Amino acid sequence: MTLQLDSDGHLRHLLTLDGLPREILVRLLDRAGQIRDTALGRTCKRNSLVGTTICTLFFEPSTRTRSSFQIAAQRLGADIINFEASTSSARKGETALDTLRNLEAMGVRGFVVRHAEDGAAEMLATHAGEGTTVINAGDGRSAHPTQGLLDALTIRQAKGPDFSKLKVLIVGDVKHSRVARSDLHALHTLGTGEIRVCGPQSLLPDDGVLKGCVVGDDFDAMLEDADVVMMLRLQRERMEEGLVSSLDDYHRDYGLTVQRLRRAAADAVVLHPGPINRGIEITDEVADGPQSLVLRQVSNGVAIRMAVLETLLA
Ligand code: NCD
């Protein structure tokens, strides 16, 4: 993906972690690590984006991603406006591109885009004006680069910077998950020792993204000695009927319970991008338990989004 890099190799848009050079990825993690405390405190507001207007252009629902981009932009002194597809002229049939062009004409420089269609952010970046920056906040099942970054940062904080000894397991509806795709790209780029991917055959992708991973459908076997367990939400909105026989069966075979987690390494950590279907992919005891980093992921999300906005727009 060269569209996101300029001719000097600098980041111009953030559309995917696929092919993003390791130095850029690590620099974003380092920067986010440094600003993590600032990101959460109220006192140390930075002013690197004073005078810059950013728009969150969301055509799909979001809680964490949108609010953390808002908080991140505010912490950097930017002005931020929220475009809501359900209450805008998108309801009258206006296209995403026309929407972007109109907001560009008002002086918006940064667009944080979420869309149900694969490639939507890339399409907007292709047609955006010279000085406009597009950040993909999730397109279809393709990519969710800031989630991939915040997951990598969360793992790095818990396990240290050397990923080569780690066994990382990704579990569940990988087929429909943009989070899994961006996580896989980040984990490969960071040189993860072993990447395991587990789910029912019907929810495993067959488009080549699992190249280089250990793939299987036996959750108990795949959990053995895992250092990191990344659970995914069942993406029922992107699923044809019948891919999962029943939610009870799914929970029985792929739900992470306290008992199951004992198969993983004693100091294993558990991640989930949210929103959580409690009692389906993960039980309350695990989601809220001592090995869960779910809320750490959320707070790291603000720091990662500050690092991304500053890198792209300051
Ligand atoms: C994810 C998304 O929307 O892709 N949520 C998020 O950004 N944290 C994951 C999901 O919806 O399952």
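Observations, loosely collected:
- Looking at the chain, the accessible area is 43 square angstrom per residue; that uses a 1.4 Å probe and ignores ligands, DNA and RNA.
- Reported to the nearest whole Å, the Cα centre-to-centre distance from the range 54-101 to the range 167-221 is 30.
- Trypsin sites (Lys or Arg not before Pro) lying in DSSP loop within the range 247-298, provided at most 11 other Cβ fall within 10 Å: R262
- Relative to its residue count, the range 193-314 spans a Cα convex hull of 144 Å³ per residue.
- Average projection area in nm² (convex hull over Cα atoms of the range 129-170, one quarter of hull surface): 4.7 nm²
- Percent accessible area from carbon and sulfur atoms, the chain, protein chains only, probe 1.4 Å: 47 percent
- Qualifying trypsin sites (Lys or Arg not before Pro) in the range 129-221, where qualification requires a DSSP coil assignment and no more than 12 other C-beta atoms within 10 Å, comprise K211.
- For the range 69-160, projected area of the alpha-carbon convex hull averaged over all directions, nm²: 7.3 nm²
- For I81, residues with placed amide H under 5 Å, excluding near neighbours: I54, C55, T56
- Accessible-area value, S202, 1.4 Å probe, nucleic acids and ligands omitted, Å²: 40 Å²
- Considering only the chain, percent of DSSP beta bridges that pair antiparallel, nearest 5: 5 percent
- Value of D in µm² per second that Stokes-Einstein yields for the chain, Kirkwood Rh from Cα pairs, at 20 °C (1.002 mPa s): 108 µm²/s
- Of the residues H10, H176, the one with the largest accessible area comes first in the ranking H10, H176, computed with a 1.4 Å probe on protein heavy atoms.
- By the combined test of axial Cα extent (at least 27 Å) and Kyte-Doolittle hydropathy (mean at least 1.0), the qualifying DSSP H helices of the chain come to 294-313.
The values are calculated or read from the model by the stated rules, or taken from the named source; none is laboratory data. Computed from a prediction, not measured in an experiment: that's the story for all the values here. As a convention, Cβ positions derive from the backbone with ideal geometry for all residues, glycine included, and neighbour counts pool all protein chains shown. To get the accessible areas, we keep the full protein, side chains included, count just its heavy atoms, and leave off ligands, DNA and RNA. Shrake-Rupley method; radii C 1.70, N 1.55, O 1.52, S 1.80 Å.
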